[in-house]
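Novice: Input: one structure, supplied below.
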Amino acid sequence: MLNVNSRKCIRCLSWRTIKKDKTRNIIAVLAIVLTAVMFTTLLTIGASIVDSFQLSTMRQVGTKAHGGFKFLTQEQYDIVKADPKIKDISYNVIIGFGENPEFSKKSVEIRYTEEKAAEWGFSMPTTGTLPKDRRDIATSTEVLDMLGLPHQLGVQIPLEFTAAGGIKYNETFTLCGFWEQDAVSPVCEAFLSKTYCDEVAPIWHETASAEEGNWWMSGSINPSLWFSSSWDIEGQMEALKERCGFGDEVNEGVNWAYASSDIDFTTIALLVGILALIIFSGYMIIYNIFYISVSKDIRFYGLLKTIGTTNRQLKKLVRRQALLLGIIGTPIGLILGYIVSVFTAPVVMSITSLADEQVLSVNPLIFVGGALLTMITVWVSCIKPCRLVSKISPVEAVRYTENTSPRKKSKKTKKVSPFSMAFDNIKRTPKKTISVIVSLSLSMILLNGTFTLVNSFDMEKYIEDRAVSDFYITDASVINLNSTVKIFNGVSKELQDEIKSLNGITDFGSVYMQEAQHKFNETGVKNAKKVYDEYKELLPMPYAEEQARRLNEENLIDAHLYGIDDFITSRLDIVDGEFNLEKFNTGNYVIASSFIDTGEGRYYDIGDKVPIDFGNGNIKEYEVMAIGDIPYALSPQHTHYFDIYLTLPADEFILQTGETGAMKTAFNAKPSAIPAIEQWIKNYCENVDPNMAYQSRATFTGEFESMQNMYLTVGSILSFILALIGILNFINSVITSVQTRRQELAVLQSIGMTGKQLKTMLIGEGLWYTVITVIVTLTIGSIITYGIVMGIAYQMWFFTYHFMITPVLICIPALILMSIIIPAICYHNMSRQSVVDRLRTSE
Amino acid sequence: MGILETKDLKKYYGSGDTTVKALDGVNFSVDDGEFVAIVGTSGSGKSTLLHMIGGLDRPTSGSVKVAGKEIFKLKDDALTIFRRRKIGFIFQSYNLVPVLNVYENIVLPIELDGNKVDKAHIDSIIETLGLTSKINSLPSQLSGGQQQRVAIARALATKPAIILADEPTGNLDSKTSLDVLGLIKITSKKFSQTIVMITHNEEIAQMADRIIRIEDGRIVGDHNA
């Protein structure tokens, strides 16, 4: 219905209308900027966490590519390469595995690689190039280190390996390029030239069989490939395989970095919650600005309607103004928001993200999303003002004053004072008043919530759980989340003795551990199946199926066998049963864990007989003394799902397994000796044996404080921005209410109200906002705070709720100051015009 | 055949004891090209009547036919469109759009309708009303009489079926009033426009072709001037 001409006309009208009201524009743009800042920051932090997680998964997987095949012939590769749905493809050829005795710590894969494949696999030389000449080699620094060679181009590298046909080679190559080894990656790569590869490992034309020997894959092609989108890579891979006509004999792999939906429900709920909060606070102010602006100009809109502007056109007029202001404010907000995230994202990620890698995401979707969310907020905020405009009848518009619908028909007569008038005045425009109060309260509630949360973090509880002793020492792989090979016997007998002999040690004890497959007896199987059925929803799917199969077919379950010294027995988490040290040390009793920490989901009950197979021929039956587990701090600290932990006395464990190296050794010291011991152990882990790591109470104190800081930083920034929005909303309301009531206020003055009284009344209005805001924050706000804080913290074991209102009390003087200054400024601006002038202007 | 016809037009405000009968069965019709004045005291219902005729407000009962169309059978937006095409308004308080200049104000109803402006027609109106030198001025820079002339021009711009004038001279001094009224009369003849004017001023009313008197929401007299 709207044709070009009328659209132009509306455009012109909205532009002129916008220009008329500069104060409103500035405030609206500021509000939109702040809203966009919050959206961008939130999205950037969110995306950065996801990206970091993805990158660190990719590094573990060893490639950025979407997926790939293994062990293809040249012919098969050509088929894949020709597939039209593949965006990019590259490959490497396996030659063999390094057999030098120095490579016992990590395996070294020898390959020829194309440049792209090397790049995708994080193995592109940063110094030098990929091999060009026949005897060139490019490899990682770790291989050089293992061989004891300098990081220098041109060094000669001896390499032993077996290639096609089972032929052994022992040759020397010249280093032409190297790169820093990625600590996360479980293997090392060494790349040779194409010429050399063709000689010793000619590319397959026929699939070899694994039965031929461990060199069988020599000469096979391993392509990595990209699809045009990362959506459902598994499905795309299946489809590709079918198109290529490959059967089960071909191995494919997908990069699960792209399939990661590992962000848990709480995080999502928290993100959605914050998102809703931002939309709501943005809505509150933008809505209020436009509602005020529209009601102020209602006669103007009524007039337009009288002379024939349709409702649709009027709505468009209002909406266009909002969108124009949005277009100005959004880009500024996006840029500022990104700058804010540059500072906040690392703080948040260092605590929340499991990834060791921290990348600041530059995904363009952040800006698209931020802009979209901001504009949606602006759009939604316009709905009600638009409805107001379209509902007003032209006749009424001419008569419209702000208080169109007084709810009360009459009013009791009471003593009139500037303050009581002020209260009546803010009651006249309930919508505006509510919006301002909600805006102001939101920031106060959030600020109070943040401090309540942080204040309720219980350092005692936290450290007690994290550190059951002053120190513990362990092999670094045990507590390094990224190490794939865990060494559970890293604390040698010698080291233990050395520590024991240190000055000032008061308590000392070790945890020994072995990973095992536990074979259930009849009682055990029956219980375990019950446990599985009850809790299988908690298990991740492919894993759960595998567990079920092994339980049903072989009666097996993953197990940890622990052996603990006396000192550790005093730290056991016993949930049921009586622990008796003397009885326990006879070596005939075991502490068994249950599926749930609190003792539900038991595989064995107290008094049951448990046969334990130590994997070396030793099998012994133990009686369950109690249900419980060793404390988390002394466990290997990785997530397990369906498994059992069986704890024995250390002597019994050593007797049965023959293992004398402990997983973790914990010890306490006299307070006076702690600094010296900390120094000693620090030196030991850094210089004597870098494979060892330790943790002390001090490390946990630091950890605790940085976590507190993260919540404080994020919470304060968010409260600060919300506070700005609240204050803007307040300023806008006060300015417009003084403007629209110019005549009315002039009338009051003309009938004898002094300037001072008038000013008192205006300040009174401001103070009423403050009073109501504080009341709302302390009553409803406290309830909301409690809900939110408990929502975030219910799963934190180190949490004790402490009621807190200090932040609100500290904010009150600032609020009061604001509610005095702003109306006072407005009054002064107004009073520059004489009463007579103001009486006359009937705008 | 009248260009404007009202039939048993009623508008009640409130209910029960407090019912105010602003209009209580008004019947009359206006012929094409007539200049009619509706006269009544304050509170007689004349403004309400004008609002009804102009489709600004809906009646309690009864009907209004403009150019053969029953306007209250139209939906809100359709009525608005009908209004901007068929009815021109002149108000006591001019009601110009403050952010638009004189020319833009005059052509606004046409552009809102998405039509091309009939340049010759507009120029002729502007000239007749003596606004040629003011077309780029903003309303705030004009005197009351000038503003009212712009309003008249705006009312004429769409070549409406009927022009409704609500106390068009109410805010003007007596000399300017006569000037403005003269212009209304001249333009109505020149562009053969039907005009319905509301006033409480007998002297002003005498300038119309026909005078309808209204009291307590009823017509009490209808005669040619």
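The values are calculated or read from the model by the stated rules, or taken from the named source; none is laboratory data. Given the structure is predicted, the values throughout are model-derived calculations rather than measurements. Reconstructed Cβ throughout: ideal geometry from the backbone, glycine too, with neighbour counts over all protein chains shown.
Novice: Among the residues of segment A:606-631, write down those that are exposed (fewer than 14 other Cβ atoms within 10 Å of the Cβ) and more than 14 Å from A:Y645 (Cα to Cα).
Specialist: Those that are exposed (fewer than 14 other Cβ atoms within 10 Å of the Cβ) and more than 14 Å from A:Y645 (Cα to Cα): A:G607, A:K609, A:N616, A:G617, A:N618, A:I619, A:E621.
Novice: What do you reckon, is A:K305 crowded, with 24+ Cβ neighbours inside 10 Å, touching a residue at least 60 places away in the same chain (Cβ under 8 Å), within 14 Å of chain B (Cβ to nearest Cβ) and in a helix (DSSP H, G or I)?
Specialist: When the stated conditions are applied, A:K305 passes them.
Novice: Take residues that are away from chain B (no Cβ under 14 Å) and surrounded by 23 or more Cβ atoms within 10 Å (Cβ to Cβ) and tell me which of the helices (runs of 4 or more DSSP H) falling wholly in segment A:2-106 contain 2 or more.
Specialist: On the way: elements: A:4-20, A:22-61, A:74-81.
Passing ranges, in order: A:22-61.
Novice: Can you name the condition, by its number, that A:T773 falls short on among (1) loosely packed, with under 14 Cβ neighbours inside 10 Å; (2) of a type in the set (S, T, N, Q); (3) in contact with a Leu (Cβ under 9 Å, 6 or more places away or on another chain)?
Specialist: (1)
Novice: Right, here's the next one. Considering each of A:I339, A:I335 in turn, give the residue that is at pLDDT 90 or above, farther than 27 Å from A:I18 by Cβ, assigned by TED's automatic domain parsing to the domain that holds A:V294 and in a helix (DSSP H, G or I). Explain how you work it out, then say what you get.
Specialist: On the way: A:I335 fails: farther than 27 Å from A:I18 by Cβ.
So the residue among A:I339, A:I335 that is at pLDDT 90 or above, farther than 27 Å from A:I18 by Cβ, assigned by TED's automatic domain parsing to the domain that holds A:V294 and in a helix (DSSP H, G or I) is A:I339.
Novice: Find all pairs meeting these conditions: Cβ atoms under 7 angstrom apart; at least six residues apart or on different chains; first residue within segment A:818-829 and under 13 Å from A:N732 (Cα atoms); second residue of a type in the set (S, T, N, Q).
Specialist: A:S819/A:T770
Novice: Scan segment A:653-682 for residues that are assigned to a helix (DSSP H, G or I), aromatic (F, W, Y) and touching a strand residue (DSSP E or B) at 6+ places or on another chain (Cβ under 6 Å) and jot them down.
Specialist: The first filter runs over segment A:653-682 and keeps only residues assigned to a helix (DSSP H, G or I), leaving A:653-657, A:671-682.
Still in the running and aromatic (F, W, Y): A:653, A:680.
Passing the criteria: only A:F653.
Novice: Only residues that are of a type in the set (A, V, I, L, M, F, W, C) and surrounded by 24 or more Cβ atoms within 10 Å (Cβ to Cβ): list them for segment A:719-733, please. Spell out the reasoning first.
Specialist: Initially, segment A:719-733 is screened for residues of a type in the set (A, V, I, L, M, F, W, C), giving A:720-725, A:727-728, A:730-731.
Those that are of a type in the set (A, V, I, L, M, F, W, C) and surrounded by 24 or more Cβ atoms within 10 Å (Cβ to Cβ): A:L722, A:I725, A:F730.
Novice: I'm trying to understand the selection: among the residues of segment B:98-117, which are buried (at least 17 other Cβ atoms within 10 Å of the Cβ), among the β-branched types (V, I, T) and modelled with pLDDT of 80 or more?
Specialist: Residues satisfying the conditions are B:V102, B:I106, B:V107, B:I110.
Novice: Moving on. Go through the residues of segment A:490-508 one by one and say whether even a single one is in contact with an Asp or Glu (Cβ under 8 Å, 6 or more places away or on another chain), part of a strand (DSSP E or B) and among the acidic types (D, E).
Specialist: Taking every residue of segment A:490-508 in turn, none turns out to be in contact with an Asp or Glu (Cβ under 8 Å, 6 or more places away or on another chain), part of a strand (DSSP E or B) and among the acidic types (D, E).
Novice: Output the residues belonging to segment A:200-237 that are farther than 15 Å from A:L72 by Cα and without any contact (Cβ under 8 Å) to a residue 40 or more places away in the chain.
Specialist: Listed by number, the residues that qualify are A:E211, A:S229, A:W231, A:D232, A:E234, A:G235.
Novice: For A:S443, which of the numbered conditions (1) in contact with a helix residue (DSSP H, G or I) (Cβ under 8 Å, 6 or more places away or on another chain); (2) under 30 Å from A:I783 (Cβ atoms); (3) surrounded by fewer than 17 Cβ atoms within 10 Å (Cβ to Cβ) fails to hold?
Specialist: (3)
Novice: Pick from B:D57, B:D31: which is within 14 Å of another protein chain (Cβ to nearest Cβ), surrounded by fewer than 21 Cβ atoms within 10 Å (Cβ to Cβ) and under 18 Å from the mean Cα position of the chain (by Cα)? Even if it seems obvious, please write down each step before you answer.
Specialist: Numbers: B:D31 fails: within 14 Å of another protein chain (Cβ to nearest Cβ).
Just a single option satisfies the conditions, and that option is B:D57.
Novice: Being surrounded by fewer than 19 Cβ atoms within 10 Å (Cβ to Cβ) and either under 16 Å from A:L447 (Cα atoms) or of a type in the set (A, V, I, L, M, F, W, C) (or both) is true for just one of A:L748, A:L762. Which residue is that?
Specialist: Values: A:L762 fails: surrounded by fewer than 19 Cβ atoms within 10 Å (Cβ to Cβ).
After applying the criteria, what remains is A:L748.
Novice: For B:I110, are the conditions met, namely being without any contact (Cβ under 8 Å) to a residue 60 or more places away in the chain and within 20 Å of the chain's Cα centre (by Cα)? Even if it seems obvious, please write down each step before you answer.
Specialist: On the way: without any contact (Cβ under 8 Å) to a residue 60 or more places away in the chain: yes; within 20 Å of the chain's Cα centre (by Cα): yes.
Spelling it out, B:I110 is indeed without any contact (Cβ under 8 Å) to a residue 60 or more places away in the chain and within 20 Å of the chain's Cα centre (by Cα).
Novice: Identify the single condition in (1) surrounded by fewer than 16 Cβ atoms within 10 Å (Cβ to Cβ); (2) at negative phi that B:L181 does not satisfy, given that it satisfies every other one.
Specialist: Failed condition: (1).
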